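Undergrad: Have a look at this one before I ask anything.
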Amino acid sequence: MILTLTANSALDRLLFVEEFVPGTTMRPHKMVDYVGGKGFDTSIILRCLGVDTVALGFVAGETGRRLAHLLDGYGIRHDLVWVEGATRLAHVVVETAHHRHSHLIGGQLLVTPAAIAELSQRYRVHLCEATWVIMAGTLPPNVPTTLYHTWIELAHAAQRPTLLDCAGAPMREALAARPTIVKLNWSEFQQTFGGNATTLAELQHQAQALYQREQLTHLVITCGEAGILALTPGTTYLATAPIQQAVNAAGAGDAVSATLVWRLTLGEDWPTALHWAAAVSAAEVLTEGTAEVHLTDAEAILPATQVKLI
């Protein structure tokens, strides 16, 4: 079982329009709700791939109840801690003419120290069953930026590997706890660690410097259409897949996290896991639902993916 942790839950409300035109009245031709929050989205990907997963996180209010109902609909086991405030509602405007999406997010969880202690205790229990842990997303306001550091240390104590996907202070705080895989996208990497790389070569140089300075085990940076940059002990890889015409690209990065952990759990090496990660991430953008993917689409793309040493 792969355990996911989502500290800052969200519900994605997708609004499909041909084109977003500021200052006008727009009537979406379709509106539908999907699970949001990076950790929960990773569980959705895993479930679509037929992988056993348990989702932990904070939720609140009517939006939280809707979110829990959606998780039930996927058949995902979950253990949720209910708090005050409201689970975030992310209005995702999907422009079908341009194959792009934008987020407008409102709502805020009010997480107390008692709630953190409760979720951490439930996390300890589920660690006994887990093979890997994926922690992903932002932290709610007033939650200590050291929370991921604490959760990684708990995983280490249970001898469970971890993937951390977040940005900013929570990521910087967590590095000292030595997550097994550190994962960000290009813009998050720059936001978190500085730099202004405009080319993949510049990004690789900056990533290598961080990798060595922080003595990381694995560093993965998703770079959109440029592919997946992965630094591992002694080797740096770039994984690419054919560019797809996106229906909804939200969740493509979470597909990389889910797939890497899935394939590594199966005992595969990094090049093979990266082939699959590139294929599943490319396939994820073909569905309208956030973080939904069809395994058959990924299998069709897989032969055209490439992983090279750089």
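The values are calculated or read from the model by the stated rules, or taken from the named source; none is laboratory data. All of these numbers come straight from a predicted model, not from anything done at the bench. Here the Cβ is made from the backbone with ideal geometry for all residues, glycine too, and neighbour counts use every protein chain on show. Accessible surface areas use protein heavy atoms only, side chains included; no ligands, DNA or RNA. Shrake-Rupley method; radii C 1.70, N 1.55, O 1.52, S 1.80 Å.
Undergrad: Quick check for me: using +1 on Lys/Arg Cβ and -1 on Asp/Glu Cβ, what's the dipole size of the chain about its Cα centre, in debye to the nearest 20?
TA: Around 420 debye, computed over the chain.
Undergrad: Another question about this same structure. Please give the peptides 209-216, 249-256 ranked by average Cβ packing (other Cβ atoms within 10 Å per residue), highest first, as a rough proxy for protection.
TA: The peptides rank, most packed first, as 249-256, 209-216.
Undergrad: Using a 1.4 angstrom probe and counting only protein chains, how large is the accessible area of K30 in Å², to 10?
TA: Around 90 Å² of this residue is reachable by solvent.
Undergrad: Follow-up. For the chain, what relative contact order do you get, as a whole percent, if you take Cα pairs closer than 8 Å and at least 6 residues apart?
TA: 17
Undergrad: Right, another one. Quick check on the chain: helices-only [θ] at 222 nm, where DSSP H runs of length 4 and up contribute -39,500 (n - 2.57) each and the sum goes over total residues. Nearest 500, please.
TA: -11500 deg cm²/dmol
Undergrad: If we count every other residue with Cβ under 15 angstrom of L5's Cβ, Lys/Arg +1 and Asp/Glu -1, where does the sum land?
TA: Counting the neighbours of L5, the net charge comes to -1.
Undergrad: Let me see the pair-distance distribution of the range 46-186: every alpha carbon pair, 10 Å bin width, integer percents in order.
TA: Computed distribution, short to long bins: 10, 35, 40, 13, 1.
Undergrad: What are the aspartates and glutamates whose alpha-carbon lies under 12 Å from the alpha-carbon of K30, with same-chain residues fewer than 8 places away excluded?
TA: E18, E95, E288
Undergrad: In Å and whole numbers, how far do the C-alpha atoms of the range 132-202 stretch along each principal axis, longest first?
TA: Sorted largest first, the three principal extents are 40, 28, 17 Å.
Undergrad: Have a look at the range 177-293 and give its Rg and Dmax from the Cα atoms, expressed in angstrom.
TA: 13.9, 40
Undergrad: Sticking with this structure for a sec: What are the ³J(HN,Hα) values, in whole Hz, obtained from phi via the Karplus relation 6.51 cos²θ - 1.76 cosθ + 1.60 with θ = phi - 60°, for each residue of the range 212-225 in sequence order, with x given for Gly and Pro?
TA: Karplus-based 3J(HN,Hα) across the range 212-225 equals 6, 5, 8, 6, 6, 8, 9, 10, 10, 10, 7, 10, x, 5 Hz.
Undergrad: Give, in nm to one decimal, the length gained when the segment between Q108 and A209 is fully stretched (0.36 nm per residue of separation minus the Cα-Cα distance).
TA: Going from the current span to full extension adds 32.8 nm.
Undergrad: From the P(r) of the chain, can you give the percent of Cα pairs sitting at distances over 32 Å?
TA: 22
Undergrad: For the range 51-201, calculate the relative contact order in percent as a whole number, restricting contacts to Cα pairs under 8 Å that are 6 or more residues apart.
TA: 16
Undergrad: Determine the gain in length on full extension of the stretch T217-A300; use 0.36 nm per residue of separation and subtract their C-alpha separation, reporting nm with one decimal.
TA: 26.8 nm
Undergrad: So, one more: Take the alpha-carbon centre of the range 216-231, take the same for the range 40-111, and report the distance between them in whole Å.
TA: 25
Undergrad: As a test of understanding, state the convex hull volume per residue of the range 76-139 from its alpha carbons, in Å³.
TA: It comes to 128 Å³ per residue, whole-number rounded.
Undergrad: I would also like to ask the following. How about K183: which lysines have a C-alpha closer than 30 Å to its C-alpha, ignoring those fewer than 8 places off in the same chain?
TA: Leaving aside lysines fewer than 8 places away in the same chain, those within reach of K183 are K38, K308.
Undergrad: Could you please report the charge total around W151, scoring K, R as +1 and D, E as -1 over all other residues with beta-carbon less than 11 angstrom from its beta-carbon?
TA: For residues surrounding W151, the net value is +1.
Undergrad: Please tell me the relative contact order of the range 213-310 in percent, rounded to the nearest whole number, where contacts are Cα pairs under 8 Å and at least six residues apart.
TA: 31
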